[in-house]
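Notes follow once the structure below has been shown.
The values are calculated or read from the model by the stated rules, or taken from the named source; none is laboratory data. Everything numeric in this text was worked out from a predicted model, so none of it was measured. Neighbour counts are summed over all protein chains in view; Cβ atoms, including those assigned to glycine, are modelled from backbone coordinates with ideal geometry.
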Amino acid sequence: MADEPKEQPPSGAPAGDKPASSSAPGSTPPAKPATAAPLAAVPPKPAAAVPAKAPVQLQTPLNNELVARVRAKFGTALVEAIEDRKQAILTVDCGKLGEIAQYLRDEEKFDLLSDLTAVDWPKREKRFDVVLNLYSFAKNERLRLKARAGNGEEVPSVSSVWSTANWLEREAFDMFGIVFAGHPNLTRILLPDEWQGYPLRKDYDIIEQDTGWVKENLGIESGQ
Amino acid sequence: MANNPITDVAGKQQTLLGADELILNMGPQHPSTHGVLRVKLKLDGERVIGSECMIGYLHRGVEKIAEHRSYQQFAPYVDRMDYVAAVSNGLGYCEAIEKLLMVEAPPRAKVIRTILTELQRIASHLLWLGTHALDIGALTPLFYCFREREEILKIFEKYCGARLTTHAFRIGGLQYEAYDTLEKDVERFCKAFEPRIKDYEDLLTQNRIWLGRTKGVGILTAADAIALGATGPLLRASGVKWDIRKAMPYAAYDQYKFDIPTGKTGDTYDRYMVRMEEMRQSRLICLQAIENIPSGPIMAKVGKVLKPPPGEVYHSIEAPKGELGYYVISDGTVQPYRVRIRPPSFVNLQSFDKMVRGHLVADVVAIIGTLDIVLGEVDR
């Protein structure tokens, strides 16, 4: 058995991103438009979370009406619109996140914030992706909203748009150290207040943490 | 009695003279908190005027662990989040990775998955009902509920050898073929279970103490529920007819007929009624599913080493507690780049403050019970 599941390989898979070079794959669908544009122009289906079938073009540009409306309203603040495994992903300018969130909730009826989280890409210039998974009851549709933020850069809080973001942003702060501007109570939520470091960052090495702890507390070289 | 201000005999509003606010700590080891949850209550007399949940006592860094395990190795870990509904956790995880790999489980596997997951929903709701009733002071339902739950756990044990942290499914399908008498066992359970639900209802639904303790307590309006991201029975009890099994069907749910029960006021009593009805509906799904389990393979063609093509996927299922989502990013290697778990309990617990304000301390216990949280999942 091959280790990849049949079907065609990801068409324009960017060469050279293999060795865990975190810079590219997930969030930045690298330089795809050139190769995939003609194909993607044909089926601009709305993102429905149906189990993926048949040959799927991974990470293709997305051009549906929603994207057109957002682009018309916010122009260059919409950095990128793509589709990955039939799921719509919009990447927006970090500073405009609050406004766009408000627009998506009020005008586009994405009234449920399912999830808010972050991803760390340490080799990128702006290392964090803040990822919002939205759902619209009216359209029965999901949408992923992303904003890139550098280390220490403030991300506008969306807790005034969806109150559920309150705890979710606290968790992202707790795990990644991302500061959400305008958050009512940005403190650690799962870890103790005096905790040092941000565990879900890629450079937070668990082995290092472990040896550090046993050295300090047990006086031995390594607990491994 | 809920939000009424304190009034004197003439009905004139009174303020409590010299009554200082009191901070009361509940937990982390309070018998009614179902795990290590600490709640800081701000009291005025016996009325709650504010609250804060302190969580994280069970934090194990599940999402960090995922980045250091292969896709298959991580699967058993998800069972340990919501440990009273391990099968549902496993289903969500396996389906998310299948989506990432762009494979689909064979029809036979899907149906067996659906049966086991619905049994798990019943088991999870039974545990909730037993403990929730116990917290409020009704002792008997606990014994009844555990009796029936035991039957379900026996089916799990016969199927995969484990009762609680089952690791029942595999990425791509199932590891174990259904044992010979699975259909019969499920049918026997479902047949016996219907009168049992009536037994619980006889004990509680019209019980005056039960009504007094649950009606009008912890009201969550539909608008609040949506804003706070509450899902599952919480959202449905507030009157929003939304169930991921219907809205975005997964596994084999599109093949079966079932209703989505909803409530009107969104109080503790409505949530009780919604969950009771959900048990009935799950029972119906199981009965329909065992009618016709397709034959064929139980495993899709996936390799021994899983290397999903780079990209990302968000997949969520309707777990007994609400929307359980997995957001998985692959960088093309054998280990996931990032696994984010959207736990229903964590998000639902956020509505606690909204629900508890204005109520008495005794109602706090009822409200924690009605949220149906599992701290293993809240803290991860």
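Side notes on the structure shown:
- Looking across B:ARG342, B:ARG338, B:ARG380, one residue alone is more than 21 Å from B:ARG236 (Cα to Cα) and within 7 Å of another protein chain (Cβ to nearest Cβ). It is B:ARG338.
Residue-wise test of (1) more than 11 Å from chain B (Cβ to nearest Cβ); (2) buried (at least 24 other Cβ atoms within 10 Å of the Cβ).
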| residue | (1), (2) |
| --- | --- |
| A:LYS123 | yes, no |
| A:VAL131 | no, yes |
| A:SER136 | no, no |
| A:GLU141 | no, no |
| A:LEU145 | yes, no |
| A:GLY150 | yes, no |
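- Looking across B:ASP224, B:ASP270, one residue alone is free of Cβ contacts under 8 Å to residues at least 40 places away in the same chain, buried (at least 16 other Cβ atoms within 10 Å of the Cβ) and assigned to a helix (DSSP H, G or I). It is B:ASP270.
- Close Cβ contacts (under 6 Å, 6 or more residues apart or on different chains) running from residues in region B:351-380 that are closer than 25 Å to B:ILE122 by Cβ to residues that are part of a helix (DSSP H, G or I) and of a type in the set (Gly, Ala, Ser) comprise B:ILE373/B:SER345; B:VAL374/B:SER345; B:GLU377/B:SER345; B:VAL378/B:SER345.
- Flag for B:VAL302 being part of a helix (DSSP H, G or I), farther than 19 Å from B:THR114 by Cβ and facing another protein chain (nearest Cβ under 7 Å): no
- Looking only at region B:152-178, and only at residues there that are assigned to a helix (DSSP H, G or I) and of a type outside the set (Ser, Thr, Tyr), the one that is farthest from the chain's Cα centre (by Cα): B:LYS158
- When each of B:ILE260, B:ILE285, B:ILE293, B:ILE329 is tested for being more than 9 Å from chain A (Cβ to nearest Cβ), over 30 Å from B:ALA138 (Cα atoms) and more than 15 Å from the chain's Cα centre (by Cα), the lone residue that passes is B:ILE293.
- Only a single item in (1) modelled with pLDDT under 90; (2) surrounded by 17 or more Cβ atoms within 10 Å (Cβ to Cβ); (3) of a type in the set (Ser, Thr, Tyr) is not met by B:TYR144, and it is number (1).
- Residue match in region A:125-135 (condition: touching a Leu at 6+ places or on another chain (Cβ under 9 Å), within 24 Å of B:ALA222 (Cα to Cα), touching a residue at least 24 places away in the same chain (Cβ under 8 Å) and not in a strand (DSSP E or B)): no
- Taken together, the residues in region A:192-206 that are in a loop (DSSP other than H, G, I, E, B), over 22 Å from the mean Cα position of the chain (by Cα) and within 8 Å of chain B (Cβ to nearest Cβ) amount to 1.
- For region B:64-90, the candidate set comprises residues that are touching a strand residue (DSSP E or B) at 6+ places or on another chain (Cβ under 9 Å), in a helix (DSSP H, G or I) and more than 14 Å from chain A (Cβ to nearest Cβ); within that set, the residue that is nearest to B:VAL36 (Cα to Cα) is B:VAL78.
- Selection within region B:343-373 - surrounded by fewer than 24 Cβ atoms within 10 Å (Cβ to Cβ) and outside any helix (DSSP H, G or I): B:GLN350, B:ARG357, B:GLY358, B:HIS359, B:LEU360
- Number of the condition not met by A:ALA81 [criteria: (1) free of Cβ contacts under 8 Å to residues at least 40 places away in the same chain; (2) surrounded by 15 or more Cβ atoms within 10 Å (Cβ to Cβ); (3) not in a strand (DSSP E or B)]: (3)
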